[in-house]
Amino acid sequence: MSGATTFERSEFEARLARFREMMARHDLGLVLIDRAEFLAWLTGYDASGTRYRALLVACDGEPVLVDRTLDAAPYLEVSPYNEHVSIDDSTDMLGAVVATMQARGGPLDRVGIDGASYNLHVTGFRALEAALPATTWVDLSDDLEALRWIKSPAEIERLRHASGIADTAMAETIASAAPGMTERDAAVTASSAFVRLGADRGECGPITAGTGWDFLHGHTHDRPLEQGDVLHMELVPWFGGYSARLMRNCIIGPPSDEQQAIADRLIALQDEQIAAMTVGASAGAIDHIVREPILAEGLRETFDNVSGYTLGHYPRFSPVASDFSRCFLPESDWELEAGMTFHMYLSARGLAISETVVVTSDGPERLTRIERRLFHT
């Protein structure tokens, strides 16, 4: 296994063992995996969904990937497993998956499937049902999400490295800020830093002039920045497929007294929130620490978004940019566990701050380490 972004074989073997424990709980002879997130988690392979492909996991033996002949070599380079069924582009891929299931996949009376997969459309699933009429299909989507919530030490190191890239790129982008530059100029600085520092790619995240309430996912513009503008930056570097996230603001010129007071309050509230992120803490209670005072103090008229969400591996070939399978809302009734990692963020009146945080048995650890303050030119 020689891919630059692979884990040790023992990491994948531990994941496969946990996966098969889940299979046993549901009395399954076979599971079909086709969503990029779980394909990568099980094999290290981040595959395009241009043509359908699927990983077949039985109760024993190696998982089998049914994929294009063109993609066999990339899979074998990064995966710890050697079972690959190569299909030429003139062959019906879904039919090839069914044939492989029948030939070598194991018992087909109960087969697990990812009911939330964006790769298997309704027409495709109906074709599977028609080809295997005696099979009971068991939706494992919730169980699959849960498998990825607790990060291994190796995964946390990826996130730690990505966080270091975010810190350095943010510091360089803030240092470059000046009247007359554009948001695009700031994006060039951040993106260049990503590439130089070893990030997987140069996509930097939202960089925009923040105004009002709706700036967090704003577009990047070419208008020169002026005195009083707020440069909002959310940097999202990937390292080995794992993305850290970090938000800071830089005022062009000195901040107003009101801006400084709002920033100080957001930071204080989030400091309290992060400090409370201990093993066993209620996610709803963690959210309450920031949501209640922000609304009560009139910092925001409404609080429509989550205050944090899961971080981890984000495949290149996925439409899902953030993992909300665990997020912080008033009604969240789950508890924090050691190894969970999150992007915690707050915003109000054109200002925002966020951190990448991991929950450990000794308490929360902030992986992004740049100074927590309102920056200005």
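Restricting the first member to the stretch 58-76 and to residues that are touching a residue at least 40 places away in the same chain (Cβ under 8 Å), and the second to residues that are part of a strand (DSSP E or B), the beta-carbon pairs closer than 6 Å and six or more apart or on different chains are ALA58/LEU30; PRO63/LEU55; PRO63/VAL57; VAL64/LEU56. Applying the criterion of being in contact with a helix residue (DSSP H, G or I) (Cβ under 9 Å, 6 or more places away or on another chain), at pLDDT 95 or above and loosely packed, with under 15 Cβ neighbours inside 10 Å to the residues of the stretch 283-333, the residue that is nearest to THR360 (Cα to Cα) is ASP333. Within the stretch 97-122, the set of residues being closer than 15 Å to PRO63 by Cα and either part of a strand (DSSP E or B) or not hydrophobic (A, V, I, L, M, F, W, C) (or both) comprises THR100, GLN102, ARG104, GLY105, GLY106, PRO107, VAL111, GLY112, ILE113.
Could you pull out the residue among GLU37, GLU62, GLU77, GLU21 that is acidic (Asp, Glu), within 24 Å of ILE156 (Cβ to Cβ) and out of contact with any strand residue (DSSP E or B) (no Cβ under 9 Å at 6 or more places or on another chain)? Spell out how you get there, then give the answer.
Details: GLU37 fails: out of contact with any strand residue (DSSP E or B) (no Cβ under 9 Å at 6 or more places or on another chain); GLU62 fails: within 24 Å of ILE156 (Cβ to Cβ); GLU77 fails: within 24 Å of ILE156 (Cβ to Cβ).
The conditions single out GLU21.
For the stretch 235-257, does any single residue satisfy the condition of being outside any loop (DSSP other than H, G, I, E, B), within 21 Å of PRO179 (Cα to Cα), assigned by TED's automatic domain parsing to the domain that holds GLU297 and without any contact (Cβ under 8 Å) to a residue 12 or more places away in the chain? Yes, the stretch 235-257 contains at least one residue that is outside any loop (DSSP other than H, G, I, E, B), within 21 Å of PRO179 (Cα to Cα), assigned by TED's automatic domain parsing to the domain that holds GLU297 and without any contact (Cβ under 8 Å) to a residue 12 or more places away in the chain. Among the residues of the stretch 66-80, the one identified as in a loop (DSSP other than H, G, I, E, B) and farther than 18 Å from ARG35 by Cα is PRO80. Examine the stretch 272-282 for a residue that is assigned to a helix (DSSP H, G or I), free of Cβ contacts under 8 Å to residues at least 40 places away in the same chain and aliphatic (A, V, I, L, M), and state whether such a residue exists. No, the stretch 272-282 contains no residue that is assigned to a helix (DSSP H, G or I), free of Cβ contacts under 8 Å to residues at least 40 places away in the same chain and aliphatic (A, V, I, L, M).
Does the stretch 225-253 hold any residues that are among the small types (Gly, Ala, Ser) and surrounded by 23 or more Cβ atoms within 10 Å (Cβ to Cβ), and which are they?
Pass one, the stretch 225-253, residues among the small types (Gly, Ala, Ser): 228, 240-241, 243-244, 253.
Those that are among the small types (Gly, Ala, Ser) and surrounded by 23 or more Cβ atoms within 10 Å (Cβ to Cβ): SER243, ALA244.
The values are calculated or read from the model by the stated rules, or taken from the named source; none is laboratory data. Here the structure is a predicted model, which is why all the values come from computation and not from measurement. So basically every Cβ, Gly included, is an ideal-geometry build from the backbone, and we count neighbours across all protein chains shown.
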